[in-house]
Amino acid sequence: QVQLVESGGGLVQAGESLRLSCAASGSIFRLSVMGWYRQAPGKQRELVATVTSGGRTNYVDSVKGRFTVSRDNAKNTMYLQMNSLKPEDTAVYYCNLNISVASYWGQGTQVTVSS
C-alpha cells in the first residue's frame with residue numbers, strides 16, 4: 001500500500017515563495033511518475049507539474065519559470081519549489097504517484113497567496 005503525505009503549504013503574500021514536499025511510503029517510488037496537481041475553489045483539479053523516474057519534468061504553462069519540481073529517489077520524496085507566487089496560485093495542492101497499473105493521491109496541502 002502506498003501512502004503519500006504532503007507538507008509545506010501555508011499563507012504567503014504575492015511574490016513570496018513556498019516549498020512543498022511529498023513523502024511516499026513503499027518501494028515503487030523510484031519506478032513511478034510523480035506529479036503535483038492543484039484544485040482551486042469551484043474549479044477542476046489541474047495538473048501543475050510532473051517528474052519522471054529519470055528526472056524529466058513537465059509544467060503547465062501558467063507556472064513555467066516560477067515553479068520547479070524535483071525528486072529524491074533515495075528519500076522517496078518529491079518537491080515543488082514555488083517562487084513568485086500569485087493570488088491565482090491559491091489552491092489545495094495534491095501529490096500523485098502513478099505507475100502503469102495504479103495511481104495514488106495524497107490528502108492535499110493548502111496554499112493561499114494574498115495580494
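The values are calculated or read from the model by the stated rules, or taken from the named source; none is laboratory data. All of these numbers come straight from a predicted model, not from anything done at the bench. For neighbour counting, all protein chains shown are included, and Cβ atoms are generated from backbone atoms with ideal geometry for every residue, glycine included. All accessible areas refer to the heavy atoms of the entire protein, side chains included, with ligands and DNA or RNA removed. Shrake-Rupley method; radii C 1.70, N 1.55, O 1.52, S 1.80 Å.
Quick notes
- Within the stretch 26-43, being open to solvent by 40 Å² or more (accessible area, probe 1.4 Å), within 19 Å of ILE99 (Cα to Cα) and in a strand (DSSP E or B) holds for VAL33, TYR37.
- The lone criterion from (1) touching a strand residue (DSSP E or B) at 6+ places or on another chain (Cβ under 7 Å); (2) exposed (fewer than 14 other Cβ atoms within 10 Å of the Cβ); (3) of a type in the set (S, T, N, Q) left unmet by THR90 is number (2).
- Residue match in the stretch 6-17 (condition: assigned to a strand (DSSP E or B), in contact with a strand residue (DSSP E or B) (Cβ under 6 Å, 6 or more places away or on another chain) and farther than 17 Å from SER114 by Cα): yes
- Pairs with Cβ under 8 Å, 6+ apart, first in the stretch 4-23 and under 15 Å from SER70 (Cβ atoms), second among the hydrophobic types (A, V, I, L, M, F, W, C) and open to solvent by 50 Å² or more (accessible area, probe 1.4 Å): CYS22/VAL5; ALA23/VAL5
- THR109, sole failed condition from (1) open to solvent by 40 Å² or more (accessible area, probe 1.4 Å); (2) modelled with pLDDT of 95 or more; (3) at negative phi: (1)
- Filtered residue count, the stretch 44-74, keeping only those that are open to solvent by 50 Å² or more (accessible area, probe 1.4 Å) and either in contact (Cβ under 8 Å) with a residue 24 or more places away in the chain or touching a Cys at 6+ places or on another chain (Cβ under 6 Å) (or both): 2
- Every condition in (1) of a type outside the set (Phe, Trp, Tyr); (2) farther than 23 Å from VAL113 by Cβ; (3) at pLDDT 95 or above; (4) in a loop (DSSP other than H, G, I, E, B) holds for ALA23 except the one numbered (4).
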